Amino acid sequence: MSEPSVRKPTKKAFHFPKSANGHAKAVEKAADEKSVAAARDAQPAPTNADKRKRAKSGEAAQVNPAADVKAKRAKKEKVVRDSFTMPKSDYEKIAALKQRCLDAGVSVKKSELIRAGLLLLDSAPTAEGLLAAVSAVETVKTGRPAKS
């Protein structure tokens, strides 16, 4: 009988060594952990001069109020989507107000106009002014308009 022939490995073939439990990834993970530990140990211990520099820079950051404002920037308020019913005349008023803003050189959306109206109502000097504005608005039946 002839002996079985053994082929030489090609350059494309690569053998991953297996660890004791048979997983090549465990070997790679252990090697990575060793390199991270070696890098951590290779860093020099901070000296007293380094500690003083850090303390001075920390004091400077606390003294500067502009840096604190940027760090504690207010989060944006969540937006709520809603729908409502209004008379056609009010809808045309919104279009007219939008056009007045465009003539003044300011582009504005319907929602921005409504929010501006809310700001004006909120800044009413007395409760009577607010109640007068609310009572001047005609009541509209809620829901979708009937199909015509």
(message) Test of understanding: what is the full-extension gain from ALA104 to TYR91, defined as 0.36 nm times their sequence separation minus their Cα-Cα distance?
(response) 2.7 nm
(message) Filter LYS72/LYS109; LYS88/LYS109; LYS75/LYS110; LYS76/LYS109; LYS75/LYS109; LYS76/LYS141 down to the pairs with a C-alpha to C-alpha distance above 26 Å, please.
(response) LYS72/LYS109; LYS76/LYS141
(message) Could you derive backbone 3J(HN,Hα) for segment 94-110 from the dihedral phi with the Karplus parameters 6.51, -1.76 and 1.60 (θ = phi - 60°), listing whole Hz in sequence and x where the residue is Gly or Pro?
(response) 5, 4, 5, 5, 4, 5, 4, 5, 5, 5, 7, x, 10, 8, 9, 9, 4
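Where a number appears in this text, it was derived from the coordinates with a stated rule and is not lab data. None of these values were measured; they are calculated from a predicted model.
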